[in-house]
Amino acid sequence: MYPFVSIIIPTVRVNEILRQCLDSLAQQDYPRERFEIILVSKEKLSLEASRNVRVIFGIEFADARNKGVRAAEGEFIAFVDDDCVIPKDWISKAMKYFQNNQA
């Protein structure tokens, strides 16, 4: 069973770099139904519906991570900056550290 992961991204605007970040998360080799992406911003953002991203707005940048954690539904929380491109095996590699290897 795959643990559910919440990925929180504080941001200030939608731009090409953020789109690349979201595209890299959409290409993860981890099951898509087992992670959520939460974008936290002060301003209301408009994203394409196909991105499957929850947007929380009206939050000061300094408090974005905390508000994202409060909204998260995952068993695990991961933070990503909005200017990062994420390797496709990022979530699956991280989750290997949390597997129960006891017999």
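The values are calculated or read from the model by the stated rules, or taken from the named source; none is laboratory data. All of these numbers come straight from a predicted model, not from anything done at the bench. Ideal geometry is used to build each Cβ from the backbone, glycine not excepted, and the neighbour counts take in all protein chains shown. Heavy atoms of the whole protein, side chains included, go into the accessibility calculation; ligands, DNA and RNA do not. Shrake-Rupley method; radii C 1.70, N 1.55, O 1.52, S 1.80 Å.
Per-atom-type breakdown for the chain gives carbon and sulfur 50% of the accessible area (1.4 Å probe, protein chains only). Proximity of backbone amide H atoms, modeled 1.01 Å from N, is registered between Ile86 and Ser24, Leu25 at under 5 Å, excluding neighbours fewer than 5 places apart on the same chain. Note that the chain presents 64 Å² accessible area per residue, ligands and nucleic acids not counted, probe 1.4 Å. The length gained on full extension between Gln99 and Asp63, counted as 0.36 nm times the residue separation minus their Cα-Cα distance, comes to 9.9 nm. Taking only the C-alpha atoms of the chain, the Rg (one decimal) and the largest Cα-Cα distance, Dmax (whole number), read 13.7, 49 Å. The stretch between Tyr2 and Arg34 holds 10.9 nm of extra length on full extension. This uses 0.36 nm per residue minus the Cα-Cα distance.
A run of the chain free of exposed loop cleavage sites, with GluC sites (Glu not before Pro) counted only in DSSP states other than H, G, I, E and B and at most 15 other beta carbons within 10 Å, reaches its longest extent at 1-42. Here the Karplus relation 6.51 cos²θ - 1.76 cosθ + 1.60, evaluated at θ = phi - 60°, turns the backbone of region 81-90 into coupling constants of 7, 6, 10, 9, 10, 9, x, 5, 9, 4 Hz, with x for every Gly and Pro. Here each label is just a point 7 Å from Cα along the line to Cβ, and for Lys88 and Leu47 those points are 2.1 nm apart.
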